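The structure appears below as structure tokens.
The values are calculated or read from the model by the stated rules, or taken from the named source; none is laboratory data. Everything numeric here is computed off the predicted structure, so don't read it as measured data. No Cβ is skipped: glycine too gets one built from the backbone with ideal geometry, and neighbour counts run over all protein chains shown. Surface accessibility is based on the protein's heavy atoms, side chains included, excluding ligands, DNA and RNA. Shrake-Rupley method; radii C 1.70, N 1.55, O 1.52, S 1.80 Å.
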Amino acid sequence: MKPRRVRLLLVLGLGALLLAGCASTWRERADTLLRAGDYEAAVRELQDGLRRHPDSPTLRAGLITVQADAVTHLLALAVRQRDTGRPDEADRSLQRVLALAPRHERALALRADIALQRRPPRARRTDVGPTPLRALAETRPITLDFRNAPLGAVLEAITRGSGVNFILEREVRQDTRVTVYLHAARVEDAIDLVTGAHQLASRIVDAQTVLIYPNTPEKQREHQEQVIRVFHLAHAEAKTTAAMLRSLLRLKEPFVDERANLVALREPAELIALAERLVALHDVADAEVMLEVEVLEITTARLSELGIRVPDALTLTPLSASGPLTVQGLTSLNASGIGVGVSGLTLNLKRETGDVNLLANPRIRARNREKARILIGDKVPVITTTASATGFVSESVSYLDVGLKLEVEPTVSPDDEVSIRLGLEVSSIAREVRGGSGTLAYQLGTRNANTTLRLRDGETQLLAGLISHEDRSTANRIPGLGELPLAGRLFSSQRDDHRRTELVLAITPRVLRPAPRPDLAQARMSVGTELRTRLRPAEGRDQTPDDVKPVAAQATPAAAASDAPAPTPAATPPAPPAADTAPANDGAPAALTAPGLFWSAPAGARVGDSFVLTLGMESATQLRGAPMELAYTPQQLELLDVQEGDLLRQGGAATSFTHAINPATGRVTVGLLRSDGGDGREGRGGTDRAAAIDPAGASGRGALVRLRFRARTAGEGEVRLISLRPIGQGAPVAPAASAAPAAPLVLPPLKLQLR
């Protein structure tokens, strides 16, 4: 070989050694930082080293390992912080994880879980999602109080109280008698209850219009709109999903395409919305877990052989130089013709000590409820020979798995606990066994363990106690002399063999993709009745000002400026309340500041106390209805209840009373309507003398509505009347002293001192 080539090889070899040494240095520094808890610095250390030495496999493998270890430790830290009630610290730990692995699924799921825990309980409840294709815009509660009233009158009251319009199919009878008592019910629920109790069905045409038709199969086919929905499933099987939908919703046979893993439905919009929720809960990814397994086999051997091994046999062998020895030749044997064999004298001074540790540290990723298998060892061939009757000989080879075999089947629960069904077997070749025909077999030594563990994410469990303990003692003594005390050691040799083997298994689950953990509001659904299955909104849904659009009982230009306080006219002398107006809590009535309208309320209240505020009216003409809208300051006042006054119930006449409260904006819409031509026998509390009263309306002075409030905080509370238009015989009427009968009545706001 040329000297130049030799020098080149030496330089390359020296460079490789230096590179390996540098890589080891970078890796050692990264491991030190990792043990100290500075995970980001450990990763940066290896990244810097990899930029300087991009071809180093040691640094590349070390970066992957250190990054995975850092993410694992930070995730375990975040889980502990979350479980101990430290969500802010857990969120910071998860931010460190996402800085190392930006799209780590486990970290994203934990952040979503922490965000859900921070939300108020009512805010956790989810809305109905993509429910029907159409829904009513009105979501405020409504109160209905009817007894044996016509269906048309009930629907008219719902229209006045909510602004929802109705279209009646030609076969619907408006004179059907309806009895209904509902307090603070949803408008859609009220419509469903009224129609469902009289064999009617409803369909939402748009946000403010409802079609009512007879609930018969022919009319259902005529008026129910059909929707086609195709579900492309990502994780669940199409056949299983279709079976679930058929079982729970009793649908027509869905179309199932197993090749594309999709399910298609053609059903009404209500059932499609419910199917969407069910499929969303069913089509979720399987949980996955990384199992870190460490198997340690500790073998301890102690061998001691001490003493003097004296000859234990004397052998005499006849010798014959002329050929084979015969019986006659034995008579001529002498001392020189007999050979002597004596074993040698041996001094045994032997002491052996051995400690063997066999370590395996595999990591395996497994899906939820699926088996995973690990084999660390050898496949030993076993040759089997088969001879036929014709003399043909064939050989076949089979293999035995020898070494460490581990089978695991994890089950991940939504609370980050992992149940592991585990089977462990450690085998080794004890000795070879040869058959008479030359075949070779093996005697195997094996140890097995089968158990089920339940561990939390990141918890380590040790399985130990698989111990093999063997003690053997062998002595070689001269009979009699070797058994003497003390001196017997000079005439004997003793061998003591001690072996102890222990198998230790440590297993740690790391949840990589958590099991689905839906909120109770998502997993629990209200689906209507047996005859009408549909998705209903979750109870306790929070209403925001954007959700609620108050509908005035009668829209007028003056009512459009409802947010501004009403103008305050000059004060007039106070007037006492009428005899039929209930006095408020220990307070005097306020001054009569507008013609025909007055407040009756206490001058103030303490924080936490409840009080009643009464809005009264005086009418000189017959009054049939009084729809109104009021507002209050929700920061200082909490509206507990709205009750009907006595003015329109003169003589026990039947009335329709509805109200809707929006606590977020502090708005109250009230609908008051006296039934036409009703006598006192149909009304609540009616008497026979009601026939002497004009059944078309009520007049005089009395209470329209009573509002029961509770004081929230100290300060000045305010209640104001936004709009009120009395209804007479087909047209609005004016109070006794009103100068503008066509305009809505206004009243200056009422100020309350809360302390």
Checked against a 25 Å limit on the C-alpha separation, the offending pairs among Lys371/Lys405; Lys239/Lys371; Lys350/Lys379 are Lys350/Lys379
Any aspartates and glutamates whose Cα falls less than 13 Å from that of Lys252, other than same-chain ones fewer than 8 residues away, would be Glu267
Within-9-Å neighbourhood charge of Ala515 [Cβ basis; K, R +1; D, E -1]: -1
Take the Cβ-Cβ distance between Gln208 and Glu169 as r, set R0 to 22 Å, and report the resulting FRET efficiency rounded to the nearest 0.05. 0.75
Taking every other residue with Cβ under 12 Å from the Cβ of Val402 and scoring Lys and Arg +1, Asp and Glu -1, one gets -1
With the charge dipole of segment 378-529 built from beta-carbon charges (+1 for Lys and Arg, -1 for Asp and Glu) about the Cα centre, the Cα from Ile420, Thr390, Leu462 projecting farthest to the positive end belongs to Thr390
May I ask you to order 663-669, 625-631 by the average number of other C-beta atoms within 10 Å around their residues, highest value first? 625-631, 663-669
How far apart, in nm, are two points set 7 Å out from the Cα along the Cα-to-Cβ line at Ala487 and at Arg351? 2.7 nm
Ordering His198, His232 by the accessible surface of their heavy atoms, 1.4 Å probe, largest first, yields His232, His198
Mean Cβ neighbour count within 10 Å, used as a protection proxy, ranking 653-661, 383-391 highest first: 653-661, 383-391
Taking 35 Å as R0, compute the FRET efficiency from the Cβ-Cβ separation of Thr317 and Val397 and round it to 0.05. 0.15
Treating only the Cβ of Lys, Arg, Asp and Glu as charged (+1, +1, -1, -1), what charge dipole size does segment 222-269 show about its Cα centre? Round to the nearest 20 debye. 120 debye
Would you list which aspartates and glutamates come within 12 Å of Lys219, measuring only between C-alpha atoms, while excluding same-chain residues fewer than 8 positions from it? Glu169, Glu171
At 7 Å along Cα-to-Cβ for each site, give me the label-to-label distance between Ala430 and Ile64 in nm. 4.1 nm
As a test question: what accessible area, to the nearest 10 Å², does Leu136 have when a 1.4 Å probe is rolled over all protein chains in place? 20 Å²
